[in-house]
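The values are calculated or read from the model by the stated rules, or taken from the named source; none is laboratory data. Owing to the predicted nature of the structure, the values given are computational and were not obtained by experimental measurement. Note that each Cβ is placed from the backbone with ideal geometry, even for glycine, and that neighbours are counted across all protein chains shown.
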Amino acid sequence: MRELLLLGVDFAEVGYPASSHAEMDEIKKLSVLTKRPILSALGRCTKDDILLCSQSGVEIIDIDLGVSPYQLDILRLTLSEAFNKAQKI
């Protein structure tokens, strides 16, 4: 992490806690190592993912909600349904 800071990186997304217990553990380890660069975790726009991100120890949660036609097709949502889903979380 120190090397990233020396390179001028002040923000880093370090993982996706919902992907596995091992990834969550590694994110937690990173979050206690340093406060700079600022660390974030990625989560889908679901309560479970957001909760896991909040438990990971990072400062920022990056919430992903795909709204491209391709992503909406995979999620089987319309654009309106995706936005409604985001508002409910």
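So the values come out like this:
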{"quantity": "Single unsatisfied condition, SER19 versus (1) more than 26 Å from GLN87 (Cα to Cα); (2) without any contact (Cβ under 8 Å) to a residue 12 or more places away in the chain", "calculated": "(1)"}
{"quantity": "Scan of segment 44-70 for residues that are surrounded by fewer than 18 Cβ atoms within 10 Å (Cβ to Cβ), outside any helix (DSSP H, G or I) and among the polar types (S, T, N, Q), ordered by number", "calculated": "THR46, SER68"}
{"quantity": "Pair list, Cβ under 9 Å, 6 or more apart: segment 60-89 residue in contact (Cβ under 8 Å) with a residue 40 or more places away in the chain, other residue β-branched (Val, Ile, Thr) and assigned to a helix (DSSP H, G or I)", "calculated": "ILE89/ILE50"}
{"quantity": "In segment 1-29, the residues that are of a type outside the set (Gly, Ala, Ser), in contact with a Leu (Cβ under 7 Å, 6 or more places away or on another chain) and modelled with pLDDT of 90 or more", "calculated": "GLU13, VAL14, TYR16, PRO17, MET24"}
{"quantity": "Residue within segment 30-43 that is surrounded by fewer than 15 Cβ atoms within 10 Å (Cβ to Cβ), touching a residue at least 24 places away in the same chain (Cβ under 8 Å) and touching a helix residue (DSSP H, G or I) at 6+ places or on another chain (Cβ under 8 Å) present", "calculated": "yes"}
{"quantity": "Among residues of segment 14-29, those that are out of contact with any helix residue (DSSP H, G or I) (no Cβ under 7 Å at 6 or more places or on another chain) and more than 14 Å from GLY57 (Cβ to Cβ), counted", "calculated": "4"}
